[in-house]
Amino acid sequence: MRKRTAASYFVTLLLAALAAVSFFPIYLAVINSFKTQGEMFSSVMALPTKLHFENYVYAFQQINLLNSVKNSVIVSIMGVGGIIFAAGLAGYKLSRTPGKLSNFIFFLFIASMLVPFHSIMISLTRVAKSLAVQGTTYGLGLIYIGLGVNMAVFLYHGFVKTIPKELEESARIDGCGDFQTYFRIIFPLLLPISVTIGILNFLWIWNDFLLPLLMLTDVNRYTLILSTNMLFGEYNKEWSLILAALVLTAIPVVIIYSIFQRFIMEGITEGAVKG
């Protein structure tokens, strides 16, 4: 009993230390976002003597927050929705159709996860330009669907195996077709893994910088992260304003993650049972 207690205390202290290390950069960003430039450079660690909310007002105006949030929301909803829709159907069909062809297609999805984005980004921009989708928010959303569907298919493929086939057989006896069976019977049961996939891809799409930088050319179509980058001038960097903009950028992600975080591990662990 004493050994278990000592071990539990050690694990608790270790996790607390890791949490403190992880939270420390966030703490610095928040406290320095309320300082002036000079006050921040004089002491980065100190608390602000006065809360300068004007940093947030200025950052709000400079990055055109409402328009940037709108663009990020459009791209995120399109990307996440498309990934869940396409990968759910593909994962379900591949899981329920055993055979060499299904295994080969599933292998292609898995193999594509090993290809680094940097090795295809130049070709991807050329293809996007030839298809006339470069520079548009919907085109950016389509590319996110293509890049994110492979991992989602892998997770759906494993999760579908945990669902009894008898449910589908009963639905077909009642006259349901393949699509009706999927959307009425199977898809509601995929809620845990769907939420997991949605959150992970939302975090990726919302915080991504490189792909929007490559695809978007019009300032009015910039995502929130890309608009924040405009605060980095060539000769002048107002770090207090930049930190205020980054805090504003992170707020939606923190809210979404806080609401749905319990589904992440639940979806992954349940999908791994028979995957």
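The values are calculated or read from the model by the stated rules, or taken from the named source; none is laboratory data. This one's a predicted model, so the numbers in the text were calculated from it and none came from an experiment. Here Cβ is always computed from backbone atoms with ideal geometry, including for glycine, and neighbour counts include all displayed protein chains. Ligands, DNA and RNA are stripped out before the accessible areas are found, and what is left, the full protein with its side chains, is counted by its heavy atoms. Shrake-Rupley method; radii C 1.70, N 1.55, O 1.52, S 1.80 Å.
Could you work out the helix-only [θ] at 222 nm for the chain, with each DSSP H run of four or more residues adding -39,500 (n - 2.57) and the total divided by the number of residues, to the nearest 500 deg cm²/dmol?
Roughly -24000 deg cm²/dmol at 222 nm, from the helical runs in the chain.
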Of G88, T36, P164, which is farthest along the charge dipole of the chain in the positive direction, counting Lys and Arg as +1 and Asp and Glu as -1 at C-beta? P164
Among [x] 0.94; [y] 1.15; [z] 1.06, the value of Rg/Rh (Cα atoms, Kirkwood Rh) computed for this structure carries the label [z]
Qualifying chymotrypsin sites (Phe, Trp or Tyr not before Pro) for region 1-105 [loop in DSSP, other Cβ within 10 Å: at most 14]: F53
Only Cα pairs within less than 10 Å get springs; with that Gaussian network setup on the chain, which residue of T181, T217, T12 has the largest fluctuation? T12
Student exercise, region 1-154 dipole from Lys, Arg, Asp, Glu Cβ charges, in Debye to nearest 20: 600 debye
Using the Cα centre of the chain as the reference point, and only Cβ charges (+1 on K/R, -1 on D/E), how large is the resulting charge dipole? Debye, rounded to the nearest 20. 620 debye
By the C-alpha gyration tensor axes a ≥ b ≥ c (rounded if a/c is under 1.5, else prolate when a/b exceeds b/c, else oblate), the shape of region 105-247 is prolate
The chain, accessible area per residue, ligands and nucleic acids excluded (1.4 Å, Å²): 59 Å²
Note, region 169-182: 3J(HN,Hα) by Karplus (6.51, -1.76, 1.60, θ = phi - 60°), whole Hz, Gly/Pro = x, goes 4, 5, 5, 5, 4, 7, x, 7, x, 4, 5, 4, 4, 5
Please label the shape of region 1-125 as rounded, prolate or oblate, based on the square roots a ≥ b ≥ c of the eigenvalues of the alpha-carbon gyration tensor (a/c under 1.5 means rounded; beyond that, a/b larger than b/c means prolate, else oblate). oblate
Any chance you could list P(r) for region 70-160, counting all Cα-Cα pairs in 5 angstrom bins from zero, rounded to whole %? 2, 14, 20, 20, 19, 14, 8, 3, 0
